[in-house]
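Below is one structure, written out as structure tokens; the observations come after it.
The values are calculated or read from the model by the stated rules, or taken from the named source; none is laboratory data. Nothing here was measured: the structure is a model prediction, and the numbers come from that model. Reconstructed Cβ throughout: ideal geometry from the backbone, glycine too, with neighbour counts over all protein chains shown. Accessible surface areas use protein heavy atoms only, side chains included; no ligands, DNA or RNA. Shrake-Rupley method; radii C 1.70, N 1.55, O 1.52, S 1.80 Å.
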Amino acid sequence: MSDRLPGFSTLAVHAGAQPDPTTGARATPIYQTTSFVFNDADHAASLFGLQAFGNIYTRIGNPTNAVLEERVAALEGGTAALAVASGHAAQVVVLQQLLQPGDEFIAARKLYGGSINQFTHAFKSFGWNVVWADPDDIASFERAVTPRTKAIFIESIANPAGSITDIEAISTVARKAGVPLIVDNTLASPYLIRPIDHGADIVVHSLTKFLGGHGNSLGGIIVDAGTFDWSTGGKYPMLSEPRPEYHGIRLQETFGNFAFAIACRVLGLRDLGPALSPFNAFMILTGIETLPLRMQKHCDNAKAIAEYLAGHPAVASVSYAGLPNDKYNQLARKYAPRGAGAVFTFSLKGGYDAGVSLVSKLQLFSHLANVGDTRSLVIHPASTTHSQLDDAAKIKSGAGPDVVRLSIGIEDKEDLIADLEQALGA
Ligand SMILES: *Cc1c(COP(=O)(O)O)cnc(C)c1O
């Protein structure tokens, strides 16, 4: 073996996986079992007391899921990861380790519509208060910091318009405030952006999107960068204080730079329960093997389609950071030099009615509420994913009434352009 560090595409295929030690199976087997036999009573006690690592029960960990966790941790450059049932579950589990009732977290206003809902309504019922900031105005994050702020949450490439967030600038605000920066890296995937390289302390994903990549399995993951000191100022008692259910151990003291991932597993996943099915872990692992190939094709197609739309007489504007005159092009060149992603919006001169009509005429594009599929997808956010927002908030989050969102797949770009041409022209 050479002592070369493996590259991204090699890690996407191999990280975390070995031939199965008992059968020789080369693909990672689906360990479809709820529970695992202990060697003896001492072994069982040491697993329950966190003195040894091993499998107990699939709600807390599973060997198929462990391969997925190791692979995504490697691709993101983190110390450890925890797979969960969905992207939303990842967000709940992360914040449960950080916030007590009455605490606050700051979130970028440009987010996946489901996250805006989750933060505004469900988290409020837990006593976790979201404070919104504008990712295009870094000072708005600074102004939002209070003594009860426990985290900052942003998307690397933000829904719905594919805008690029200045991760380093917001990470500086988080450092100064003494709170971790959480980055939802779903729309970029680590192939385009590795937020930990730019100062993120925690990365979350909806694996449902580009990582799984085929629109067939839900999943989520939390990656621990290992960068944050949880012991400062007693702000994070879940990590720094003795845990009564584990014989009084302190997670940060015991697990060091992967303490956050451990907390998410042994406190979050154990008690909240959103475990990922090993079958879904297998599907997503298979998807990740081709992530670099798919992601490049997604981006190349998206750029060609954004250019086509920008030249179309029915189109008022295109918001794609990969276009040279786009507001986010500078940030795209810095953070995502391989491509500006495949999810973006454009607006039609004909407004709301033209948006609804376009969606109904497209044939190759599927009209549905998802992104990051091999297939090309279309949605009209104002009447669907962002319909719960009032008009001002819709416009602020990039989902005004005349806006259509595309998620470009890996088909032939000529076929996608022909479909848009017939729908826009008809
Ligand atoms: C889809 C999505 C989520 C939520 O993930 P689920 O797997 O659907 O729970 C969160 N963030 C972003 C950016 C998403 O696209």
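Taking all protein chains as shown and a probe of 1.4 angstrom, His43 keeps an accessible surface of around 50 Å². Dipole orientation for the chain: of the candidates Phe210, Pro63, Leu5, Phe210 has the Cα lying most toward the positive pole (charges on Cβ; Lys, Arg +1; Asp, Glu -1). Positive-end ranking of Gly351, Ala302, His380 along the dipole of the chain, with charges on Cβ about the Cα centre, is headed by Gly351.
Count charges around Phe344 for me, please; just the other residues with Cβ under 10 Å from its Cβ, Lys/Arg as +1, Asp/Glu as -1. Please report the intermediate quantities before stating the final value.
On the way: positive: Lys303, Arg405; negative: Asp326.
So the environment of Phe344 carries a net charge of +1.
Filter Lys209/Lys394; Lys349/Lys394; Lys209/Lys327; Lys209/Lys349; Lys361/Lys413; Lys150/Lys297 down to the pairs with a C-alpha to C-alpha distance above 28 Å, please. Beyond 28 Å between Cα atoms: Lys209/Lys349; Lys150/Lys297. All other residues with a Cβ under 15 Å from the Cβ of Glu289 taken together, and with Lys, Arg as +1 and Asp, Glu as -1, what is their net charge? Summing Lys and Arg as +1 and Asp and Glu as -1 gives +3.
Oblate is the label for the stretch 346-426. Its Cα gyration tensor axes, ordered a ≥ b ≥ c, give a/c of at least 1.5 and b/c at or above a/b.
The chymotrypsin sites (Phe, Trp or Tyr not before Pro) found in the stretch 185-271 include none that occupy coil by DSSP while having at most 12 further C-beta atoms within 10 Å. Cα-based values for the stretch 291-425, radius of gyration first and Dmax second, are 14.0, 39 Å. Can you find, among Thr172, Ile138, Leu276, the residue farthest towards the positive end of the dipole of the stretch 8-287? Put +1 on the C-beta of Lys and Arg, -1 on that of Asp and Glu. Checking the options against the dipole of the stretch 8-287, the answer is Leu276.
Its Cα centre serving as origin, the chain has a Cβ charge dipole (Lys and Arg +1, Asp and Glu -1) of approximately 280 debye. According to the calculation over all Cα-Cα pairs in the chain, the P(r) per 10 Å bin from zero is 5, 22, 31, 25, 13, 4, 1, 0 %. Sorting the segments 374-380, 139-145, 124-130 by their mean number of nearby beta carbons within 10 angstrom, highest to lowest, gives 374-380, 139-145, 124-130.
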